[in-house]
Amino acid sequence: MSSPVFQDFPAPAKLNLLLHVVGKRSDGYHLLETVFRFIDFSDTVSLALRDDGCIVLETPIAGVDPEQDLTVRAARLLQAHAQCGLGVAIRLDKKIPMGGGLGGGSSDAATVLLALNRMWGLNLPRVALQELGLKLGADVPVFIFGRSALATGVGEKLNEIKLKPAWYVVIHPQVQVPTGKVFQNFSHEVLTEIGGVGIMRILETTQQRRNDLQNVVSNMYPAVNEVLTELRKYGSPLMTGSGSCVFLECQSKDEADKVYQAVSIKYKGFLAKGLDVHPLIDSAE
């Protein structure tokens, strides 16, 4: 039997350039207004077709049941939805920190849906893939949407937004933050109401941006607060998502390099360029 031929696909990280919690649904999910931006820091998802219908994760993550891995769940969901008889072998090269608010697991799942849509010859429209993605997690649809976006609802209602070029210093405080626990500790007294026009105005300056979950996480995890304090020496840092990663937006690579060289002596992280579109934008119409 010949060895399977794997194809490599990028699964980029995302940043939340701001995040406002504006309400709560009757089912317990929180309503958000947030701006998503992809960055050129990625996991790599490698896929090889199987003709036996089996879906196999060849690189399971320690402590995670392979059947619960989002890449496997994405492949099974798509296979069932399209009634497809083909299978796939999956290899995952993780670079995006887990529990860091960078959307790594969601991005991996979206890349599986986008790539298999083409490899299996399904040609499902983008909106159908987004609906499938939402069943896997609230952040999955934006990676399928494929462009910088203003998101509302639980994060699934997406409108394209134009953003200025930027570089980002991203620091990982070396703690994993469980999203559910953060929202449990979030005080509903600070629910905000901003609206699209207000968000566009806020995006003009990093000093006005805010993540409503940041104080909660900073109080729960002193390491996050420490990184925020350090990066405030150079500008207006922000936590992404529900944490734990913290980023500082810079106007140029040179500026970002200088900040990163200063802080990387003590903290682990990376530099990344902001992306306007997902690398797999052409995988669905």
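The values are calculated or read from the model by the stated rules, or taken from the named source; none is laboratory data. Note that the coordinates shown come from a computational prediction; the quantities given were computed from them, not determined experimentally. Quick reminder, even Gly has a Cβ in these numbers, built from the backbone with ideal geometry, and neighbours come from all protein chains shown. Surface areas here come from the heavy atoms of the whole protein model, side chains and all, with no ligands, DNA or RNA. Shrake-Rupley method; radii C 1.70, N 1.55, O 1.52, S 1.80 Å.
Some values worked out for this structure:
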{"read-out": "Segment 258-285, residues that are crowded, with 18+ Cβ neighbours inside 10 Å and part of a loop (DSSP other than H, G, I, E, B)", "value": "267, 278, 280, 284"}
{"read-out": "Flag if residue 72 is assigned to a helix (DSSP H, G or I) and over 17 Å from the mean Cα position of the chain (by Cα)", "value": "yes"}
{"read-out": "Residue selected from segment 1-30 under the condition farther than 30 Å from residue 212 by Cβ and part of a loop (DSSP other than H, G, I, E, B), by the criterion modelled with the highest pLDDT", "value": "6"}
{"read-out": "Candidate set: segment 1-23, residues that are touching a Leu at 6+ places or on another chain (Cβ under 7 Å) and over 24 Å from residue 99 (Cα atoms); chosen: the one least open to solvent (accessible area, probe 1.4 Å)", "value": "6"}
{"read-out": "Residue within segment 121-128 that is touching a strand residue (DSSP E or B) at 6+ places or on another chain (Cβ under 9 Å) and not basic (Lys, Arg) present", "value": "no"}
{"read-out": "Residue 116, sole failed condition from (1) under 26 Å from residue 172 (Cβ atoms); (2) at pLDDT 95 or above", "value": "(1)"}
{"read-out": "Top-ranked residue of segment 220-257 - restricted to ones that are polar (S, T, N, Q) and free of Cβ contacts under 8 Å to residues at least 12 places away in the same chain, ranked as surrounded by the most Cβ atoms within 10 Å (Cβ to Cβ)", "value": "225"}
{"read-out": "Strands (runs of 3 or more DSSP E) within segment 108-181 that include 2 or more residues open to solvent by 10 Å² or more (accessible area, probe 1.4 Å) and within 30 Å of residue 262 (Cβ to Cβ)", "value": "167-172"}
{"read-out": "Test result for residue 92, open to solvent by 10 Å² or more (accessible area, probe 1.4 Å), in a strand (DSSP E or B) and either acidic (Asp, Glu) or on the phi < 0 side of the Ramachandran plot (or both)", "value": "yes"}
{"read-out": "Residue list for segment 24-54, restricted to those being farther than 25 Å from residue 172 by Cα and open to solvent by less than 10 Å² (accessible area, probe 1.4 Å)", "value": "47, 48"}
{"read-out": "Pairs where the first residue, in segment 66-91, is of a type in the set (Ser, Thr, Tyr) and the second is at pLDDT below 95 and open to solvent by less than 10 Å² (accessible area, probe 1.4 Å), C-beta under 7 Å, 6+ apart", "value": "none"}
{"read-out": "Candidate set from segment 195-219 (those that are not in a helix (DSSP H, G or I) and not polar (S, T, N, Q)); member that is most open to solvent (accessible area, probe 1.4 Å)", "value": "204"}
